[in-house]
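S.K.: Attaching a single structure in structure tokens format; questions to follow.
Readers should treat all values here as calculations from the given coordinates under stated rules, not as data from a laboratory. This structure is a prediction, so every number in the text was calculated from the model and none was measured. Here Cβ is always computed from backbone atoms with ideal geometry, including for glycine, and neighbour counts include all displayed protein chains.
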Amino acid sequence: MNNQITYTNLRPEHAAQLRQLQLTCFPNVSPENLFTEDDFVHMSTYLADLIFVALTDGLAVGMGSGIYCNFNFANPLHTLDEIVGDGRCRNHNPNGSYYYGTDISVHPNYRRRGIGSALYALRKDLVRRANKRGIVAGGELPGYAKYRSQMSAFAYLTKVVSGEFYDPTLTFQMSQGFEVRGLLPNYFHDKTTDGWASFIVWENPDYRKEQDEQKRPGADSDRKHSS
Ligand SMILES: CC(C)(COP(=O)(O)OP(=O)(O)OC[C@H]1O[C@@H](n2cnc3c(N)ncnc32)[C@H](O)[C@@H]1OP(=O)(O)O)[C@@H](O)C(=O)NCCC(=O)NCCS
């Protein structure tokens, strides 16, 4: 078997495999709250540039997806549904100033070999080329499931941020340069973590404000949710 990993943008033929990947990577989320095959087919028609797929031997083993949106940092509490709009991410606004990461997932058999990092590198490269301000996301806290009877989600988050606890998702995201800005209640439907998520941000160090203002007058005042 050739284990080389290649990366490409979303295409309709990936849809069935990506649905299966969703079910495998998010076993505690109700299937109806995950992207469907049909969602992927639709997203391939208008979001392909923002969605990266990792392939090995023709098999989709990883995906990093997102939309562009404006974001109100003065009022940062949000749920995933409020940001994306629906399963097909119709809230995508091509002029939005941030890339909002809707999902990053790697098949369990292929984790810890750099695929997640490569997907983040592709997202950051896209954000730099598009001159967006950065990447925003709500992050799963899978490690909290083990501790939720013992401590609050905030106490757990604090311990992960300080390095006392390791969380397979958040620790990885912090190592990718994401800053933890807070905690999001009822972010999504995962009963093992009571729906808590981290609120994480990566600011694009190469963002050129003047160029953005020329292209989109008023760009500096658009840090509000969605379109
Ligand atoms: C989070 C997730 C996407 C990471 O994907 P991944 O492919 O394992 O990511 P990487 O391999 O790049 O990095 C993961 C860790 O393995 C380490 N690693 C990378 N290559 C490695 C190698 N060759 N040998 C040993 N360790 C390695 C990385 O340093 C990183 O360590 P850290 O957690 O201490 O930072 C994956 O765990 C996943 O799909 N989780 C479930 C879904 C999920 O929670 N998604 C996030 C939703 S917000």
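S.K.: Residues being within 11 Å of LEU141 (Cα to Cα) and more than 15 Å from the ligand (Cβ to nearest atom): count how many of those fall in segment 157-203.
M.R.: Summing the residues that are within 11 Å of LEU141 (Cα to Cα) and more than 15 Å from the ligand (Cβ to nearest atom) in segment 157-203 gives 1.
S.K.: On to the next question. Go through segment 107-149 residue by residue and tally those that are within 22 Å of GLU164 (Cβ to Cβ), hydrophobic (A, V, I, L, M, F, W, C) and within 11 Å of the ligand (Cβ to nearest atom).
M.R.: 1
S.K.: For GLY101, are the conditions met, namely being under 17 Å from THR171 (Cβ atoms) and assigned to a strand (DSSP E or B)?
M.R.: yes
S.K.: Still on this model: Going by the conditions given, is TYR68 under 23 Å from SER198 (Cβ atoms), in a strand (DSSP E or B) and touching a Pro at 6+ places or on another chain (Cβ under 7 Å)?
M.R.: Yes.
S.K.: Still on this structure, I have one more. Condition check: touching a residue at least 60 places away in the same chain (Cβ under 8 Å), more than 14 Å from the ligand (Cβ to nearest atom), of a type in the set (Asp, Glu) and in a helix (DSSP H, G or I). Does ASP206 satisfy that?
M.R.: Taking the combined requirement at face value, the residue does not satisfy it.
S.K.: With the requirement that a residue be out of contact with any helix residue (DSSP H, G or I) (no Cβ under 7 Å at 6 or more places or on another chain), surrounded by fewer than 17 Cβ atoms within 10 Å (Cβ to Cβ) and touching a residue at least 12 places away in the same chain (Cβ under 8 Å), what does segment 25-41 give you?
M.R.: SER30, ASN33, ASP38 - these are the residues of segment 25-41 that are out of contact with any helix residue (DSSP H, G or I) (no Cβ under 7 Å at 6 or more places or on another chain), surrounded by fewer than 17 Cβ atoms within 10 Å (Cβ to Cβ) and touching a residue at least 12 places away in the same chain (Cβ under 8 Å).
S.K.: Right, next: In segment 133-158, what residues are of a type in the set (D, E, K, R), surrounded by fewer than 19 Cβ atoms within 10 Å (Cβ to Cβ) and under 25 Å from ALA54 (Cα atoms)?
M.R.: Matches in segment 133-158: none.
S.K.: Among (1) in contact with a Ser or Thr (Cβ under 9 Å, 6 or more places away or on another chain); (2) closer than 18 Å to SER65 by Cβ, there is one condition ALA145 misses while meeting the rest; what is its number?
M.R.: Every condition holds for ALA145 apart from (2).
S.K.: In segment 75-91, how many residues are within 21 Å of SER198 (Cα to Cα) and either out of contact with any Asp or Glu (no Cβ under 9 Å at 6 or more places or on another chain) or outside any loop (DSSP other than H, G, I, E, B) (or both)?
M.R.: 11
S.K.: Another question about this same structure. Being closer than 16 Å to LEU21 by Cα, outside any helix (DSSP H, G or I) and not β-branched (Val, Ile, Thr) is the filter here, so list the residues in segment 33-60 that pass it.
M.R.: LEU34, PHE35, PHE52, ALA54, LEU55, ASP57, GLY58, LEU59, ALA60
S.K.: Hey, does segment 85-101 have a residue that's more than 15 Å from the ligand (Cβ to nearest atom), of a type in the set (D, E, K, R), in contact (Cβ under 8 Å) with a residue 24 or more places away in the chain and within 18 Å of VAL53 (Cα to Cα)?
M.R.: Yes: one or more hits.
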